[in-house]
Amino acid sequence: SSIYKEMYERSIKDPAGFWSEIADAFYWKEKWNPSEVCSENLDVSKGPVHISWFKGGKTNICYNAVDRNIEAGNGDKIAMYWEGNEPGQDGKLTYSELREKVCQLANYLKSVGVGKGDAVVIYLPMLLELPIAMLACARIGAVHSVVFAGFSADSLAQRIVDCKPKLVLTCNAVKRGPKPILLKDIVDAALVESEKNGFSVGICLTYENQSVMKRQDTKWQAGRDVWWQDVVTNFPTKCDVEWVDAEDPLFLLYTSGSTGKPKGVMHTSGGYMVYTATTFKYAFDYKPTDIYWCTADCGWITGHSYVTYGPLLNGAAVLVFEGTPNYPDAGRCWDIVDKYKVSIFYTAPTLVRSLMRDGNEYVTRYSRKSLRVLGSVGEPINPSAWRWFYNVVGDSKCPISDTWWQTETGGFMMTPLPGAWPQKPGSATFPFFGVQPVIVDEKGQEIEGECSGYLCIKKSWPGAFRTLYGDHDRYETTYFKPFAGYYFTGDGCSRDKDGYHWLTGRVDDVINVR
């Protein structure tokens, strides 16, 4: 914990020096301007809100997540294991194989006119093709917007109309547990809806998921629909990298606004890369021998930062799971942990609670001895679920990284670091490097010591979102107007006498924008 204190203090006193040193470990085609490591204004009363990190630096997150690992001699290391919905369906890709697949898709995208700054909507289940599609977009500087493949045609259409993609990537069907879901039908309906709203998509690239649905059974619109397997595999397995500015957009991820249209949270390349990689490394105490499994879907920010980018930037072996945690029975997770010797397991409290209800015998019939670190994400974990997760799943030997963060923050904001300090069940504990949380009262005054109030963040961090796509006003109004000079998280928080933070949930309805 003394190492943490030193690093944390330095990250607050000298953020430019602290983050530059970390960023130096990545590949940059051109170095950022040393006087511009960070520039920001979070105070609406002093002009437009803006945040930038490593401006002028040129890099590419796909190159850093894939090629850099191959060049370091790890081309034959497994990058991704895939476990299908049905036990016994599986696959894997080394870093070299992953690059080939990414390059083929990137070359196809270029061939149909997708270039730097163009949007691509991805509506895919957890096949390896989903992270491959994200990386292929990043490689050529295109902006991906992944839509969770459980969203309705209406939700998908709203997102398509907002970001106007060059094409949509999907697959014909998928099984969730025992139930087939016809994804292509949902996309078809969304494309009809989008057209009514004045935007038509030229190409729908469709992956044939043979184990669920054959080609001949898939509804098809000639001229628009294209089979992935027919075109992508014909392209070369090498594709030049598009070097982008650190502040060029990397992806949009829509969060449903509590009212009105979804908000397109926009993350940029450089700061996001440095932040996700660093949070992953420290919060999970990552080691090169780890097998890492995050149960989140890439349709959520957790799947962006901690299935795809954060782990691969560290050269990790990642498990991608298509199925559901209780199919065919409640022991599926631990069956998978034993099968792949998973050492880091990251999931949501809802899943922990549902497995807890199903009883210990589903857990204890499996060995789980490979587990080393557990993680929790998505909401504060209630103490009884925390204890069950710690005692039963982790055999009382695995620290739990109970992470607090948001789609907007890009990466972990508060989390225990394994072994660095004593844990308290249900507490997100202390801030990550470079993060300055403050608790304020209704008037926006910072409260010291033991207290509860509104959680705000002072100063920016590299992973912060830069705007809401096409709506900078809403960005300022939602996040920066409630308390001038701070990023308002929308969460309540209390701090105990030892300085530990306890998240108390959303407080949106309490705040009237002044």
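Go through region 253-282 and name the chymotrypsin sites (Phe, Trp or Tyr not before Pro) that are in a DSSP coil and have 16 or fewer other Cβ atoms within 10 Å of their Cβ.
Values: sites: TYR254, TYR272, TYR275, PHE280, TYR282; in loops: none.
Answer by residue number: there is no such site.
Counting only C-alpha contacts under 8 Å and six or more residues apart, can you give the relative contact order of the chain as a whole percent?
Numbers: 1099 pairs, mean separation 77.4, N = 514.
Reported as a whole number, the value is 15 percent.
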Using only the Cα atoms of region 174-285, what are the Rg and Dmax in Å?
18.9, 50
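How would region 54-152 be classified by its alpha-carbon gyration tensor: rounded, prolate or oblate, with rounded meaning a/c under 1.5 and the a/b versus b/c comparison settling the rest? Mind dumping the intermediate values first?
Values: a/c = 1.98, a/b = 1.13, b/c = 1.76.
It is oblate, given that a/c is not under 1.5 and a/b is not larger than b/c.
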What is the set of long-range amide H partners of THR268 at a cut-off below 5 Å, with H atoms built 1.01 Å from backbone N?
LEU250, ARG466
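Assigning unit charges at the beta carbon (Lys, Arg +1; Asp, Glu -1) and nothing else, what dipole magnitude in debye, to the nearest 20, does region 26-79 show about its Cα centre?
The calculation lands at about 60 debye.
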I need the peptides 44-55, 4-15, 131-142 ranked by packing, meaning the mean over residues of other C-beta atoms within 10 angstrom, with the highest value on top.
131-142, 44-55, 4-15
Non-local amide H neighbours of ALA119 (under 5 Å, H modeled in plane, Pro and chain starts lacking H): which ones?
VAL143, LYS166
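In terms of the Cα gyration tensor, with a ≥ b ≥ c the square roots of its eigenvalues, is the chain rounded because a/c is under 1.5, prolate because a/b exceeds b/c, or oblate?
Numbers: a/c = 1.44, a/b = 1.18, b/c = 1.22.
It is rounded, given that a/c, with a ≥ b ≥ c, falls under 1.5.
Short version: what are the Cα gyration tensor semi-axes of region 180-243, square root of 5 times each eigenvalue, largest first, in whole Å?
Whole-Å semi-axes of the equivalent ellipsoid: 24, 19, 10.
Viscosity 1.567 mPa s, temperature 4 °C: what is the translational diffusion coefficient of region 254-340 from Stokes-Einstein with a Kirkwood Rh over Cα pairs, rounded to a whole number of µm²/s? Walk me through the numbers before you get to the answer.
Numbers: Rh = 14.6 Å.
Translational D for this selection: 88 µm²/s.
Convex hull volume of the Cα atoms in region 100-163, per residue, in Å³?
71 Å³
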By average Cβ neighbour count within 10 Å, what is the ranking of 216-223, 95-102, 436-443, 110-117 from highest down?
95-102, 436-443, 110-117, 216-223
Treating only the Cβ of Lys, Arg, Asp and Glu as charged (+1, +1, -1, -1), what charge dipole size does region 93-242 show about its Cα centre? Round to the nearest 20 debye.
140 debye
So what are the radius of gyration and Dmax for the Cα set of region 1-108, in Å?
19.7, 59
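To one decimal place, what Kirkwood hydrodynamic radius in Å is obtained for region 203-362 from all pairs of distinct Cα atoms?
Working: mean 1/r = 0.0524 Å⁻¹.
Hydrodynamic radius (Kirkwood, Cα pairs) of region 203-362 is 19.1 Å.
At 0.36 nm per residue, and after removing the present C-alpha to C-alpha distance, how many nm does the segment from TYR4 to ILE447 gain when stretched out fully? Could you put the intermediate results ahead of the total?
Values: separation 443, 0.36 × 443 = 159.48 nm, distance 2.38 nm.
In short, 157.1 nm is gained.
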In nm², the average projected area of the convex hull spanned by the Cα atoms of region 388-430 is 3.3 nm²
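Based on a Kirkwood Rh over C-alpha pairs, give the Stokes-Einstein translational diffusion coefficient of region 392-484 at 25 °C and viscosity 0.890 mPa s in µm²/s. Show your work: numbers first, answer last.
Numbers: Rh = 15.3 Å.
It comes out at roughly 161 µm²/s.
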Based on Cβ point charges of +1 for Lys and Arg and -1 for Asp and Glu, what charge dipole magnitude is obtained for the chain about its Cα centre, in debye rounded to the nearest 20?
440 debye
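Please grab the % of Cα pairs in region 93-242 that end up more than 20 Å from each other. Let's see the in-between values first.
On the way: 5013 of 11175 pairs.
The calculated P(r) of region 93-242 puts 45 percent of pairs beyond 20 Å.
Rule-based calculations on the coordinates, nothing more; no lab input. Everything numeric in this text was worked out from a predicted model, so none of it was measured. Note that each Cβ is placed from the backbone with ideal geometry, even for glycine, and that neighbours are counted across all protein chains shown.
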